[in-house]
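Please read the structure below before turning to the comments.
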Amino acid sequence: VLRIERANGTDVTGVESLLAAAGLPLDGAAEALALGIVARDGDALVGAAAVERYAAAGLLRSVVVRKDMRGAGVGRAVVEAAEDLARREGVQDLYLLTETAVDWFQRFGYSVVDRAVAALAVGRSVEFATVCGERGVAMRKGLWIHG
Ligand SMILES: CC(C)(COP(=O)(O)OP(=O)(O)OC[C@H]1O[C@@H](n2cnc3c(N)ncnc32)[C@H](O)[C@@H]1OP(=O)(O)O)[C@@H](O)C(=O)NCCC(=O)NCCS
């Protein structure tokens with residue numbers, strides 16, 4: 001049975017191995033797990049997503065699913081849980097950088113934006129200084145804040 005829940009301090013190593021296996025940046029990943037979501041299959045970590053907070057904006061990062069678990073909706077589940085978490089924290093616009101998953105994130109309502117626009121909102125993130133940041137496509141989604 002798959003559980004989608006808030007990440008805790010003991011998840012850092014497991015999430016870092018998932019990121020490393022997927023070639024995603026580790027810089028700042030541990031810190032970002034403060035607003036992190038994980039997917040667990042028993043004791044095993046099979047997916048993650050995290051939000052870095054920058055005033056009214058957030059950076060969605062570290063979205064990853066273990067290879068043998070892909071294509072079953074785990075990615076969607078962790079992204080939606082991370083969005084809910086960001087919304088509850090008062091994040092109004094969620095940005096992300098991706099090299100490989102533009103089409104995938106478009107399914108969830110993210111649109112490509114100019115990197116300069118994203119840089120104004122979340123440019124302090126170390127992800128902007130990494131390979132992913134330099135080559136990555138910037139995307140944004142407005143989070144509807146429910147009363
Ligand atoms: C991207 C990723 C998180 C998706 O996780 P997932 O659990 O497989 O996602 P879901 O099961 O919710 O969605 C699967 C669907 O998305 C499609 N899809 C998966 N990755 C995709 C991509 N990179 N681009 C376009 N479509 C993609 C699948 O073909 C599948 O389509 P279907 O529903 O029509 O069959 C996972 O493939 C992954 O960890 N990739 C490596 C890391 C990465 O690229 N992270 C995001 C960028 S920072």
Measure nothing but the geometry: give the 0 to 90° angle between the long axis through the Cα atoms of 74-88 and the longest principal axis through the Cα atoms of the chain, rounded to 10°. 50
So if I place +1 on the C-beta of Lys and Arg and -1 on the C-beta of Asp and Glu, and nothing else carries charge, what would the dipole magnitude of the chain be about its Cα centre? I want it in debye, nearest 20. 280
Listing S125, S62, S111 from the residue with the fewest other Cβ atoms within 10 Å to the one with the most, what is the order? S111, S125, S62
For each of W104, W144, count neighbouring Cβ atoms within 10 Å of the residue's Cβ, then give the residues from fewest to most. W144, W104
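Computed from the coordinates by the stated procedures, all read-outs in this text should not be read as laboratory data. Since the model is a prediction, treat every value here as computed from it, not as a measurement. Here the Cβ is made from the backbone with ideal geometry for all residues, glycine too, and neighbour counts use every protein chain on show.
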